[in-house]
Amino acid sequence: MRKRNFSNSVRTTAFLALAACCSVTNDVPSSASVMASAFAFGVAPKASHATTTARASSYSSSRRRIMMQRSMVSATVPDDGDDFTPVPDEITPENPLRVVVAGAGVGGLALANSLARNPLVQLTVLERTDKFQRFGGPIQLASNALQVIKVMDESVFDNIMERFTYTGDKENGIKDGIRSEWYAKFDLGTPAEVRDMPYTGVIDRPDLQEIYLESIPEGVIRNGDGVVTYTTAPRSGGGSGTGGGGGVRVHTESGSVVEGDVLIGADGIWSSVRAAMRNEPAKGDGSGCTYSGYTVFAGELEYDSPDNGQVGYKVYIGPGRYFVITDIGRGCYQWYAFLARPPGSAEAEDKPDGCAKYLKDVFDGWSEEIHAILDVTKESEIEQRDLYDRPPSLFRSWTDGGSVALLGDSVHAMMPNLGQGGCQAIEDAYV
């Protein structure tokens, strides 16, 4: 048995993810994050849509056979030394590439959905939460992400469309916080139309999660055991040599160890994989994650808006604060109040009459449209959290050797007002 050439293994991983889906075309916008990932892997997608579709179809029967043999459970190995499990150089259905994904958020699930269908990949997703529950508000999927999802898996795209609310075909933009007049409107429709792409819109995050979970074979995702750190095997020259043959050993919160050839860190802004890669804490000083200067209140409710069907979202701006109201479909709306506050203001500031009354006082004198929706929002429908951010990693590697790479918020977290955090993670998964 010989050690795998780790550089080739990573290239194979990226290529297989593409082969299971489709090549990048001019109709699929590629962000800076996607290109950076592609260059980091050293991969240029070349397969045509027809070729990759045929390849995926020919793999299906073999994949079912292998899944039944393995039940899609990766080997958990004892952490009893430096030797890695020997594996053959050649990647075949009988000796697939072992890919471990840390985190089952939007990016991790999008990647898992593609890799789980490839017979040359044995996939394990390690998720910290004990079980998936229906929580969280809507998530915006802009045209770029929707087009990528459609290319990656049209059945997933169709299921999303069944629960989707378009906003890109309506009026959207910035309003004067006091006078309610439009400062600027964003034309989200025309760019999608001229490129034959879906309109931007929203879907409940639990619905999106459910759609992806239903598309991933049972046994791939392991709940209740997040990644703590990892160790990598020394690189061998040209794939030759003796001894162990794994690329990365993943250590989890339960104390178990999972071996793989590739580890993808999709574990969010507080990424343990990034912390291990860069030898820095996941949180706090030295982590690179800093308080944005803003706390956000969010409310979700049934609301009879006078501009329903005409306006998708509107942003009311003013000094030190802004307010967002967005249509999320089925007669429901979500609003956000962004306030410039020190960290920990949720506990430090008294709100004896509740959050709604507190916000009405904060936005006193502002648009009546803001006060109208606050007036009908129940306290149980309001949540508050501080917003943290980290600068893009433009001059730091997104990879460790040839066996570990970062994806999504773990490397390029985004503020929620951009509406692109999940979208960019999905683009990363495509690459």
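The values are calculated or read from the model by the stated rules, or taken from the named source; none is laboratory data. Keep in mind that this is a model prediction, so the values were computed, not measured. In this analysis, Cβ positions are derived from the backbone assuming ideal geometry, glycine residues included, and neighbour counts consider all displayed protein chains. Calculation scope for accessible area: heavy atoms of the full protein, side chains included, ligands and nucleic acids excluded. Shrake-Rupley method; radii C 1.70, N 1.55, O 1.52, S 1.80 Å.
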Scan the range 196-215 residue by residue and report those that are more than 14 Å from the chain's Cα centre (by Cα) and either aromatic (Phe, Trp, Tyr) or farther than 23 Å from GLY137 by Cβ (or both).
ASP196, MET197, TYR199
Turns out the strands (runs of 3 or more DSSP E) fully within the range 36-143 with at least 3 residues that are closer than 18 Å to ALA266 by Cα and at pLDDT 95 or above are 97-102, 121-127
Go through (1) in a helix (DSSP H, G or I); (2) open to solvent by 60 Å² or more (accessible area, probe 1.4 Å); (3) of a type outside the set (Ser, Thr, Tyr); (4) at pLDDT below 95 and name the single condition GLU193 misses.
(4)
What pairs come out if I take residues in the range 341-361 that are hydroxyl-bearing (Ser, Thr, Tyr) and pair them with residues that are open to solvent by less than 50 Å² (accessible area, probe 1.4 Å) whose C-beta lies under 7 Å away, six or more apart or interchain?
SER345/THR295; TYR358/LYS351
Kindly indicate whether any position in the range 117-135 is of a type in the set (Asp, Glu), over 17 Å from the mean Cα position of the chain (by Cα), closer than 30 Å to VAL248 by Cα and surrounded by fewer than 22 Cβ atoms within 10 Å (Cβ to Cβ).
yes
Tell me yes or no: at least one residue of the range 354-369 is more than 25 Å from ARG163 (Cβ to Cβ) and touching a His at 6+ places or on another chain (Cβ under 8 Å).
yes
Selection over the range 316-371 where residues are closer than 28 Å to PRO206 by Cα and part of a strand (DSSP E or B) yields a count of 17
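Does LEU188 satisfy the criteria of being out of contact with any helix residue (DSSP H, G or I) (no Cβ under 7 Å at 6 or more places or on another chain), of a type in the set (A, V, I, L, M) and either surrounded by 16 or more Cβ atoms within 10 Å (Cβ to Cβ) or at pLDDT 95 or above (or both)?
Yes, satisfied.
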Run down TYR303, TYR294, TYR333 and say which single residue is in contact with a Leu (Cβ under 7 Å, 6 or more places away or on another chain), under 25 Å from GLY189 (Cα atoms) and surrounded by 19 or more Cβ atoms within 10 Å (Cβ to Cβ).
TYR333
Can you find even one residue in the range 271-282 that is touching a residue at least 24 places away in the same chain (Cβ under 8 Å) and either at positive phi or among the hydroxyl-bearing types (Ser, Thr, Tyr) (or both)?
yes
Scan the range 391-420 residue by residue and report those that are under 28 Å from GLY173 (Cβ atoms) and open to solvent by less than 20 Å² (accessible area, probe 1.4 Å).
GLY408, HIS412, ALA413, GLY419
If the Cβ limit is 7 Å and pairs must be 6+ apart or interchain, which residue in the range 203-216 that is at negative phi pairs with which residue that is part of a strand (DSSP E or B) and of a type outside the set (Lys, Arg)?
ILE203/PRO138; ILE203/ILE139; ILE203/LEU141; ASP204/PRO138; ARG205/PRO138; ARG205/ILE139; LEU208/ILE139
Check the range 388-399 and report whether any residue there is free of Cβ contacts under 8 Å to residues at least 24 places away in the same chain, touching a Leu at 6+ places or on another chain (Cβ under 7 Å) and of a type outside the set (S, T, N, Q).
no
For residues that are in contact with a strand residue (DSSP E or B) (Cβ under 6 Å, 6 or more places away or on another chain) and under 19 Å from LEU109 (Cα atoms), scanning just the range 209-233, find the one that is surrounded by the most Cβ atoms within 10 Å (Cβ to Cβ).
VAL227
